[in-house]
Amino acid sequence: QVQLVESGGGLVQPGGSLRLSCAASGSIFSIAAVGWYRQAPGRQRELVATIPRGGRPNYADSVKGRFTISRDNAKNTVYLQMNSLKPEDTAVYYCNLDLPSRSYWGQGTQVTVSS
């Protein structure tokens, strides 16, 4: 069983930065695609960024140039560096680990961008 634990959310002013982390248990992290999704109130969950096992990151257009996803396979951890945050980035951010057999989700971490 894989468990994903997110951290790093919080309240930040517009233009500020946050770094989210997601630590995974188990031994399958290095072979999985990992990513971040977010869900704002009243909206569907949407992709923010993903990074495959050995490929290039993929970003939603709304975050390109502001967010950076990275992974450390030695630490079973995926990160999301968020810069130049905007109020519309406010949402619950979820970590995802994706395998051909199934997908795993973290419990989510709240990010609020407000002055």
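Numbers below:
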{"quantity": "Spans of strands (runs of 3 or more DSSP E) in the stretch 13-115 with at least 1 residues of a type outside the set (Ser, Thr, Tyr) and farther than 19 Å from Gln1 by Cβ", "calculated": "18-24, 33-39, 46-51, 67-72, 77-82, 91-98, 109-113"}
{"quantity": "Complete set of residues in the stretch 54-91 that are under 11 Å from the mean Cα position of the chain (by Cα) and in contact (Cβ under 8 Å) with a residue 60 or more places away in the chain", "calculated": "Tyr79, Leu80, Gln81, Met82"}
{"quantity": "Per-region count, the stretch 83-115, residues among the charged types (D, E, K, R), open to solvent by 10 Å² or more (accessible area, probe 1.4 Å) and closer than 20 Å to Pro41 by Cβ", "calculated": "2"}
{"quantity": "Arg19 among the charged types (D, E, K, R) and in contact with a Gly (Cβ under 8 Å, 6 or more places away or on another chain)", "calculated": "yes"}
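The values are calculated or read from the model by the stated rules, or taken from the named source; none is laboratory data. Values in this document were obtained by computation on a predicted structure and should not be read as measured data. Note that each Cβ is placed from the backbone with ideal geometry, even for glycine, and that neighbours are counted across all protein chains shown. Note: areas computed on protein heavy atoms with side chains; ligands, DNA, RNA excluded. Shrake-Rupley method; radii C 1.70, N 1.55, O 1.52, S 1.80 Å.
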